[in-house]
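For reference, the structure is listed below as structure tokens.
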Amino acid sequence: MLTVVLTLAIIAAVFGLVLGYSAIRFKVEGDPIVDQIDSILPQTQCGQCTYAGCRPYAEAIANGEADINQCPPGGETTIIALADLLGVEAKPLNAEHGVEKPSKTVVRIDENVCIGCTLCIQACPVDAILGAAKRMHTVIESECTGCDLCIPPCPVDCIHVIEVEATLNTWKWQAPEVEHAAPRPSR
Amino acid sequence: MSVVETINVEVAYALPDRQLILEVNVDAGTTVAGAIVQSGIMMEFPELDLEHSDVGIFGKQSKMETVLADGDRVEIYRPLIADPKEVRRKRAAEGKAMKKGGGILADAG
């Protein structure tokens, strides 16, 4: 009788120690699901999802406050990846938040018009504009996410959207253009 | 022998068609000028004339002697081409508003 009690007690103690140790040793900092969601999001920090940036949106999705279809820059690809990760049904993009752009864009500043007002620099969420007061402002294309947040503040309308030529890293299948399909030749 | 602490900064210069941000690890206490020299950005843009260029950190002009902090982005600026007063006058003549938000918001409001 005593042996049985003792054996069980020792087994319980050993398991307890192992569990306690693992809890400390393999402790996960932060919320891994937020990191995973954040890594799927396009990091444009454009705020079209109504959250301040991609990370806050990721947190909102993780908490169940936001839906997965609020990210226009990510578009269908992002929604499908999020649905996969979270085990929910993919759904079409919520048009309230905007529409997916057909190709990646960046902005460019018309140097002949820029007055160096810094308003676009303050608006840029990713520090992609180099410039200072009364000095030329220049968009650093490799940093620009195409969020277009700098365009409305410009007092002289000198910021223009340009399409980025597709490289092997950015190219994607073009969706078939059903609406604009050529009419059938009449016989 | 004392170990000198280092900081990571960036040095950036931008032309309309070519922009460059160089990461550089420098000793703590390095100035704007020091980081620019150490980054080697002068080699990438040989036409760069530091003597007559204004510099700054993250959109704010500073002196060449300003001491950097970790994570700073040193920026080398170019002068404006347009005369701000001239642009304002021209837009006013064309009947476009100049307040924050430019034509689009002004037209809507």
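The values are calculated or read from the model by the stated rules, or taken from the named source; none is laboratory data. What you see is a predicted model; the values in this text were computed from it and never measured. Counting neighbours? That spans all protein chains shown, and the Cβs are built from the backbone with ideal geometry, glycine included.
The set of residues from the range B:19-43 being touching a residue at least 12 places away in the same chain (Cβ under 8 Å), within 14 Å of chain A (Cβ to nearest Cβ) and not aliphatic (A, V, I, L, M) comprises just one member, B:23. If the condition is being exposed (fewer than 15 other Cβ atoms within 10 Å of the Cβ), in contact with a Ser or Thr (Cβ under 7 Å, 6 or more places away or on another chain) and over 11 Å from residue B:8 (Cβ atoms), then the range B:18-27 contributes only B:27. Among the residues making up the range B:44-98, a single one is loosely packed, with under 11 Cβ neighbours inside 10 Å and touching a helix residue (DSSP H, G or I) at 6+ places or on another chain (Cβ under 8 Å): B:65. Out of everything in the range A:126-140 that is touching a residue at least 24 places away in the same chain (Cβ under 8 Å) and among the β-branched types (Val, Ile, Thr), what residue ends up being surrounded by the fewest Cβ atoms within 10 Å (Cβ to Cβ)? Across the range A:126-140, the extreme among qualifying residues is A:126.
Residue-wise test of (1) in contact (Cβ under 8 Å) with a residue 24 or more places away in the chain; (2) at negative phi; (3) more than 14 Å from chain B (Cβ to nearest Cβ).
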site	(1), (2), (3)
A:71	yes, yes, yes
A:79	no, yes, yes
A:82	yes, yes, yes
A:86	yes, yes, yes
A:99	yes, yes, yes
A:105	yes, yes, yes
A:115	yes, yes, no
A:119	yes, yes, no
A:124	yes, yes, no
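From the list A:71, A:117, the lone residue that is under 30 Å from residue B:57 (Cα atoms), at pLDDT 90 or above and of a type in the set (A, V, I, L, M, F, W, C) is A:117. Residue A:164 fulfils the conditions (1) of a type outside the set (Gly, Ala, Ser); (2) surrounded by 21 or more Cβ atoms within 10 Å (Cβ to Cβ); (3) within 25 Å of the chain's Cα centre (by Cα) except for a single criterion, (2). Taking the range B:48-62 as the range and being away from chain A (no Cβ under 13 Å) and more than 18 Å from residue B:21 (Cβ to Cβ) as the test, the residues that pass are B:49, B:51.
Residue B:40 meets the stated requirement of being surrounded by fewer than 16 Cβ atoms within 10 Å (Cβ to Cβ), modelled with pLDDT under 95 and either at positive phi or among the β-branched types (Val, Ile, Thr) (or both).
Residues that are within 21 Å of residue A:127 (Cβ to Cβ) and not in a loop (DSSP other than H, G, I, E, B) within the range B:48-66 comprise B:55, B:56, B:57, B:60, B:61, B:62, listed in sequence order. Pairs are defined by a Cβ separation below 6 Å, a sequence spacing of at least 6 or placement on different chains, a first member in the range B:70-82 that is more than 8 Å from chain A (Cβ to nearest Cβ), and a second member that is among the hydroxyl-bearing types (Ser, Thr, Tyr) and surrounded by fewer than 19 Cβ atoms within 10 Å (Cβ to Cβ); the pairs so defined are B:76/B:53. When A:33, A:40 are checked against the criterion of being away from chain B (no Cβ under 14 Å) and surrounded by fewer than 17 Cβ atoms within 10 Å (Cβ to Cβ), a single residue qualifies: A:33. Surrounded by 15 or more Cβ atoms within 10 Å (Cβ to Cβ), hydroxyl-bearing (Ser, Thr, Tyr) and modelled with pLDDT under 90, is that true of residue A:77? So residue A:77 fails the test.
Selection within the range B:1-17: residues that are surrounded by 12 or more Cβ atoms within 10 Å (Cβ to Cβ) and hydrophobic (A, V, I, L, M, F, W, C). The member of this set that is farthest from residue A:144 (Cα to Cα) is B:7. In summary, helices (runs of 4 or more DSSP H) completely within the range A:1-118 and bearing 3 or more residues that are more than 15 Å from the chain's Cα centre (by Cα) occur at A:2-25.
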